[in-house]
Amino acid sequence: MTVGAKLHILVSAGATREYIDPVRFISNPSTGKMGFEIARAALAAGHQVTLVTGPTHLKPPVGAAVISIVSALEMRDAILEAFPACDVLVMSAAVSDYRPSKRAHHKIHKSNPSLTLELQLNPDIIREVQRKAKGQVLIGFAAETEEHMASARQKLENKGLDMIIANDVGGKGVGFAAEHANAAALFRDGAEKPLGVVTKARLGRFIIEQAEMLVERKRAGARRAWRP
Ligand code: PMT
């Protein structure tokens, strides 16, 4: 736990890659831009930043401690290792929910007209971290194409988060790889802050502002609880 006004913020960014064989993988269009903008906003506010990122062509913000990963299992290990020392976790990474049950040692040749893949669930990283939380603030994203607010509210509650960003990834010009996001913030106490279409830089600053407020609120609550 970092003492004083400045915080240690752990941010995940980008996509994970789940390899089928040495040359093929399952992934998604996340570029890491959203996570990098969150990290940039945290650095600009004077906080310490650890950034766990999947493969990306983007340059991470100078000043962040960068941990590069490839698969969901590697991201999970990196987040679990860094989490105890942080004050805030912001999970903006697009973590693959599934990985191939078997990873071929050699390139699969296209001799068969069809190929059947068996997939198995990856760990839900933010839920695993939530079970180990000791006062840290947990912020997630809900990437949705419909029922945005209801789905985000459900994830907020199921994963035990302090705040979640309902994030429209189906609209034109927003979401994966876009400059903008169409977002709303939902809080554990039921409050909701619709943001509409904003730049990811603006959304990054908003998330850090909210994280600072949530840390203060948690610490004030802990002080009240301790008062004899
Ligand atoms: O990187 P960009 O190109 O800028 O795109 C940004 C983004 C669209 C990827 C980003 O803004 C975003 O929406 N990230 C969340 C994507 C996602 O996985 O959403 P979800 O609803 O599937 O997951 C819910 C939450 O659980 C997320 O905080 C996610 O990081 C986390 N998660 C998901 C799966 C998993 N196995 N473990 C997790 O911790």
FRET efficiency for S151 and Q120, Cβ-Cβ distance as r, R0 = 25 Å, nearest 0.05?
0.60
Only four residue types carry charge here, +1 at the Cβ of Lys and Arg and -1 at the Cβ of Asp and Glu. Report the dipole size of the stretch 139-205 about the Cα centre in Debye, rounded to the nearest 20.
240
Anchor K159: lysines whose Cα lies under 25 Å away (excluding residues fewer than 8 positions away in-chain):
K33, K132, K134, K193, K200, K218
Expected sort for 213-222, 26-35, 74-83, 88-97 on mean C-beta neighbours within 10 Å, highest first, is 88-97, 26-35, 74-83, 213-222
Tell me, what HN-Hα J-couplings in whole Hz come from the Karplus equation 6.51 cos²θ - 1.76 cosθ + 1.60 at θ = phi - 60° for each residue of the stretch 88-94, using x for Gly and Pro?
9, 10, 10, 9, 9, 5, 9
In debye to the nearest 20, how big a dipole does the chain give about its Cα centre with +1 on each Lys and Arg Cβ and -1 on each Asp and Glu Cβ?
440
How large are Rg and Dmax for the stretch 1-117 when only the alpha carbon atoms are used, in Å?
16.8, 62
When the chain is reduced to its Cα atoms, the Kirkwood hydrodynamic radius in Å
18.3
Hey, with R₀ at 25 Å, roughly what FRET efficiency would D97 and S68 work out to, going by the Cβ-Cβ distance, to 0.05?
0.75
Local charge sum around H180 (other residues, Cβ-Cβ under 15 Å, Lys/Arg +1, Asp/Glu -1)?
+2
Counting alpha carbon pairs within less than 8 Å and at least 6 residues apart, what relative contact order, in whole percent, applies to the stretch 141-228?
20
Counting only helical runs of four or more DSSP H residues, what would the 222 nm mean residue ellipticity of the chain come to if each run contributes -39,500 (n - 2.57) and the total is spread over all its residues?
-9500 deg cm²/dmol
In units of 2.2 N^0.38 Å, the Cα radius of gyration of the stretch 56-119 is 1.58
Leaving ligands and nucleic acids out of the surface, order K59, K132 by accessible area at 1.4 Å, largest first.
K59, K132
Quick one: dipole size for the stretch 1-107, taken about the Cα centre, charges +1 on Lys/Arg Cβ and -1 on Asp/Glu Cβ, in debye to the nearest 20.
340
Largest first, how would I139, I108, I20 line up by accessible area (1.4 Å probe)?
I108, I20, I139
How much length would be gained if the chain were fully extended between L195 and R223, taking 0.36 nm per residue of separation minus their Cα-Cα distance, in nm to one decimal?
6.9 nm
Normalized C-alpha radius of gyration of the stretch 171-228, against 2.2 N^0.38 Å?
1.50
With a bin width of 10 angstrom, please list the P(r) values of the stretch 104-228 as percents of all Cα-Cα pairs, from the 0 bin to the one holding the largest distance.
11, 32, 27, 16, 10, 3, 1, 0
Within the stretch 162-191, the residues whose backbone N lies under 18 Å from a label point placed 7 Å from the Cα of R127 along the Cα-to-Cβ direction are 162-165
Alpha-carbon Rg with Dmax, taken over the stretch 73-162, Å
17.0, 54
Cα lying deepest toward the dipole's positive end in the chain, options L156, G135, L121, charges on Cβ:
G135
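The values are calculated or read from the model by the stated rules, or taken from the named source; none is laboratory data. Treat the numbers as computed from the prediction; the structure is a model and nothing was measured. Virtual Cβ from ideal backbone geometry, glycine too; neighbours counted across all protein chains shown. For the accessible areas, the whole protein counts, side chains as well, though only heavy atoms, and no ligand, DNA or RNA atoms are used. Shrake-Rupley method; radii C 1.70, N 1.55, O 1.52, S 1.80 Å.
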